[in-house]
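The values are calculated or read from the model by the stated rules, or taken from the named source; none is laboratory data. Just so it is clear, the model here is predicted, and its values are computed rather than measured. Positions of Cβ are backbone-derived with ideal geometry, glycine not excepted, and every protein chain shown enters the neighbour counts.
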Amino acid sequence: MNIKDYIRSIPDYPKKGILFRDITTLIKNEKAFAYTIEEIISRSKKFKFDKVAAIESRGFVFASAVAYLLKKPFILLRKKNKLPAETHSIDFDLEYGKATMEIHKDSINKNESVLLIDDLIATGGTAHAAAKLVEVSKGNVAAFIFVINLFDLEGSNSLVKKGYKVENLVDFPGH
């Protein structure tokens with residue numbers, strides 16, 4: 001199955017010049033969604049990890065299913081002020097703005113290995129922030145798995161250059 005066929009492209013969203021890759025058309029098709037989850041699980045077998053973490057919010061869709069099927073704990077990386085207990089917090093730059101991401105301080109134990117899953121990597125700012133949150137929590141990043149890599153925006157390459165392992169299911173140009 002070619003999951004690219006199930007990903008809709010929307011020009012000028014959320015602002016002019018951005019070509020948005022919409023996964024809602026992928027997840028509403030039960031066969032495409034199931035195939036995507038199976039493919040993430042297949043690729044995850046290359047790595048040793050204790051927990052699965054996802055980046056808000058579309059990453060939750062994929063990572064929660066993967067964690068459930070692999071019987072692994074699931075960790076939420078959320079936007080600022082969305083987690084009720086004590087958090088670690090990281091400020092970072094987005095392609096079109098700034099943001100803050102948080103993790104509960106008790107989510108990861110020392111030396112636990114974490115698989116990070118998200119729907120898409122663009123410039124890599126969010127992924128780098130996610131890695132920092134895992135590391136500030138005294139855990140290790142086992143790898144990243146993305147459904148979509150916007151290859152010309154170099155986010156995936158920036159992670160590899162920092163020594164992280166990266167997998168993605170499909171490549172699209174960013175613009």
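Numbers below:
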quantity: Which numbered condition Phe146 misses (of (1) part of a strand (DSSP E or B); (2) over 27 Å from Phe33 (Cβ atoms)); calculated: (2)
quantity: Only one of Leu150, Leu159, Leu120, Leu133 that is crowded, with 19+ Cβ neighbours inside 10 Å, under 12 Å from the mean Cα position of the chain (by Cα) and of a type outside the set (Gly, Ala, Ser); calculated: Leu120
quantity: Extreme residue, surrounded by the fewest Cβ atoms within 10 Å (Cβ to Cβ), among residues of the range 52-101 that are modelled with pLDDT of 95 or more and aromatic (Phe, Trp, Tyr); calculated: Tyr68
quantity: Conditions (1) assigned to a helix (DSSP H, G or I); (2) on the phi > 0 side of the Ramachandran plot; number of the one not met by Ala130; calculated: (2)
quantity: Residues located in the range 63-83, provided they are closer than 22 Å to Ala99 by Cα and either under 16 Å from the mean Cα position of the chain (by Cα) or assigned to a helix (DSSP H, G or I) (or both); calculated: Ala63, Ile75, Leu76, Leu77, Arg78, Lys79
quantity: Residue list for the range 10-25, filter: in contact (Cβ under 8 Å) with a residue 24 or more places away in the chain and surrounded by 13 or more Cβ atoms within 10 Å (Cβ to Cβ); calculated: Ile18, Leu19, Arg21, Ile23
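Residues are listed down the side, and each one gets a yes or a no for (1) touching a residue at least 24 places away in the same chain (Cβ under 8 Å); (2) in contact with a Leu (Cβ under 9 Å, 6 or more places away or on another chain); (3) aromatic (Phe, Trp, Tyr):
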| site | (1), (2), (3) |
| --- | --- |
| Pro84 | no, no, no |
| Ile108 | yes, yes, no |
| Leu120 | yes, yes, no |
| Thr126 | yes, yes, no |
| Phe151 | no, no, yes |
| Leu159 | yes, no, no |
| Glu167 | yes, no, no |
| Gly174 | yes, yes, no |
